[in-house]
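Scroll down for the structure; my scribbles are underneath it.
No lab work stands behind these numbers, since they all come straight from the coordinates. Remember, predicted model here, so these are calculated numbers, not experimental data. Virtual Cβ from ideal backbone geometry, glycine too; neighbours counted across all protein chains shown.
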Ligand code: ATP
Ligand code: MG
């Protein structure tokens, strides 16, 4: 064997600030999901390929070109999850979670898509995910969108993110709108990008989602969903918007917003930013009343969203680095042995304690200061003989002798 090992393209390694920011997003999500009464759920990182292929729709980018699919040693086709919703819906059916409806759950973890890596776009990325399964009331749309808005608020990024909202209507609305879109795009067929021309055959709604400049004027002049909304769908949407207003959640209407996946109905939304270059969506979601039925289950209204942890992390400012309470500096063999006992006692007393066991006194002192510790505990053989240690306040520089037995109290009392 020769040659250096390398990370797989599109994967990330995180240390220090990047890792802190990543987990600050998850910690905020966990606080907020509790405030809204969402449970935690865990589902596998991989599923039978059919779980995603059938539900996401064969013509979506995710299924047609982004899935990590492989045959396992038993010859089964397996796919690494490109998103959470399908796996949670699968578990809802196979675990008998129907008994808990409405089921409000959250999850977070890695997701995998074979994409062209760039800033904010990776092949292994991480998502926050929230779902309400078995609730068809507009109040659940308001609740889950409100939760996303509060998360952005807690992360201190609400000012930099805008909520775009649309409705895709009920199946009747969608069919009528789709017909009008096909007619419109067919008229402009020869001016469309190749990609959009392909979508025209298979999934015309997705042309609205095109990122090709060539398509923009044709998309801008396309018919909007409002002209095809059934009375019922319009009524549903007005209850959602009224609820958001009542909850103090700001939104703007985007009549051309669609979701990339096929199973969406009614409410569709995205939280977008202008601060991440081409990657503008940080959280995206919608109502997917058709999904569980498409998996062979009963008709089950549901709504959910997913947010990119990395993209959210990039918007937040770095949290304060985790600091230590105490840096222990033993000098001499006897002191080093005693330091093991002292460190264990301090840690059991709930004090974060780091040990500087390398280099001369000056080096160790520098390291202690750099660790951000509030105190240095210096133990030399002389002090040890008296059962004492030197306690130095690294902020003020003040130093005094304290009985080793009393160290934890002396530090905690400050
Ligand atoms: P995009 O338009 O950026 O490709 P998408 O519509 O494919 O996004 P969703 O399937 O809605 O994204 O996923 C929800 C969220 O997950 C996105 O809003 C984004 O924050 C994040 N996300 C999606 N794909 C990636 C990726 N490859 N790398 C990092 N984050 C991602
Ligand atoms: Mg994508």
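Going by how many other Cβ atoms sit within 10 Å of their own, how do 97, 108 line up, fewest first? Numbers along the way, then the final one.
On the way: 97 17, 108 21.
Least to most surrounded, the residues fall as 97, 108.
Got a sec? How would 188, 213 order by Cβ neighbour count within 10 Å, fewest to most? Mind dumping the intermediate values first?
Details: 188 17, 213 8.
Fewest-to-most ranking of 188, 213: 213, 188.
Calculate, in nm to one decimal, what residue 212 and residue 347 gain on full extension: separation in residues at 0.36 nm each, minus their alpha carbon distance.
Details: separation 135, 0.36 × 135 = 48.60 nm, distance 5.70 nm.
Answer, rounded to one decimal: 42.9 nm.
I want the antiparallel fraction of DSSP beta bridges within the stretch 326-412, as a percent rounded to 5. Don't skip to the end; give the middle numbers.
On the way: 9 of 17 bridges.
Roughly 55 percent of the DSSP beta bridges within the stretch 326-412 come out antiparallel.
What residue among 279, 12, 39 has the largest mean-square fluctuation in a Gaussian network model of the chain, using Cα springs under 10 Å?
It is 12.
Grab the beta carbon distance between residue 242 and residue 95, set R0 = 41 Å, and tell me the FRET efficiency rounded to 0.05.
Working: r = 35 Å, r/R0 = 0.86.
With a Förster radius of 41 Å, E is 0.70.
Per DSSP H run of n ≥ 4, the term is -39500 (n - 2.57); total these for the chain, divide by its residue number, and report the mean residue ellipticity at 222 nm rounded to 500 deg cm²/dmol.
It comes out at -11000 deg cm²/dmol, rounded to the nearest 500.
For the stretch 168-207, just the Cα atoms, rotate onto the principal axes and tell me the three extents in Å, largest first.
30, 16, 12
Residue 66 versus residue 385, label points 7 Å from Cα toward the beta carbon: distance in nm?
Result for the modelled spin labels: 7.0 nm.
Roughly how far apart, in whole Å, are the Cα centres of the stretch 261-335 and the stretch 114-193?
What the calculation gives is 14 Å, centre to centre.
Please express the shape of the chain as an equivalent ellipsoid: the semi-axes are the square roots of 5 times the eigenvalues of the C-alpha gyration tensor, given largest first in whole angstrom.
53, 23, 21
With N denoting the number of residues in the stretch 200-304, provide Rg(C-alpha) divided by 2.2 N^0.38 Å, to two decimal places. Walk me through the intermediate numbers first.
Numbers: Rg = 15.2 Å, N = 105, 2.2 N^0.38 = 12.9 Å.
It is 1.18.
Quick one: among 82, 138, 117, which has the greatest mean-square fluctuation in a GNM of the chain with alpha-carbon springs under 10 angstrom?
So, out of 82, 138, 117, the one fluctuating most is 117.
Enter the mean projected area of the convex hull around the alpha-carbon atoms of the stretch 326-412, in nm², rounded to one decimal.
4.9 nm²
Per 5 Å bin, what percent of the C-alpha pairs of the stretch 44-166 does each bin hold, from zero upward?
Cα pair-distance distribution for the stretch 44-166, in percent: 2, 9, 16, 18, 20, 17, 12, 4, 2, 0, 0.
Just 176, 376, 135 to compare: in a GNM of the chain, with alpha carbon springs under 10 Å, which one fluctuates most?
Largest GNM mean-square fluctuation: 376.
Tell me the angle of helix 138-154 to the major Cα principal axis of the chain, expressed in degrees between 0 and 90 and rounded to the nearest ten.
Helix 138-154 sits at roughly 40 degrees to that axis.
Expressed as a rounded percentage, what relative contact order does the chain have, with Cα pairs under 8 Å and six or more residues apart?
Values: 722 pairs, mean separation 66.6, N = 414.
Once divided by the residue count of the chain, the mean separation gives 16 percent.
In what sequence, highest mean first, do 119-128, 293-302 appear when ranked by Cβ atoms within 10 angstrom?
On the way: 119-128: 19.3, 293-302: 15.8.
Ranked by mean Cβ neighbours within 10 Å, highest first: 119-128, 293-302.
For the stretch 89-111 and the stretch 18-59, compute the distance between their C-alpha centroids and round to whole Å.
That distance is 11 Å.
Antiparallel DSSP bridges in the chain: what percent, to the nearest 5?
Of all bridge pairs located within the chain, approximately 80 percent are antiparallel.
Packing-wise, with mean Cβ within 10 Å as the measure, how do 204-212, 392-400 rank, highest first? Before the final figure, lay out each step's value.
Numbers: 204-212: 18.7, 392-400: 11.9.
In descending order of packing, they fall as 204-212, 392-400.
Roughly what would the spin-label model give for residue 27 and residue 299, points 7 Å off Cα along C-beta, in nm?
That separation, rounded to one decimal, is 4.6 nm.
Measure off 7 Å from each Cα along the Cα-to-Cβ vector at residue 160 and residue 278, then give the distance between these two points in nanometres to one decimal.
That separation, rounded to one decimal, is 2.0 nm.
What FRET efficiency comes out for the pair residue 406/residue 354, r = Cβ-Cβ distance, R0 = 22 Å, nearest 0.05? Don't skip to the answer; put the middle values down first.
Values: r = 21 Å, r/R0 = 0.94.
The value I calculate is 0.60.
Going by C-beta contacts inside 10 Å, put 64, 196, 317 in order with the fewest on the left.
317, 64, 196
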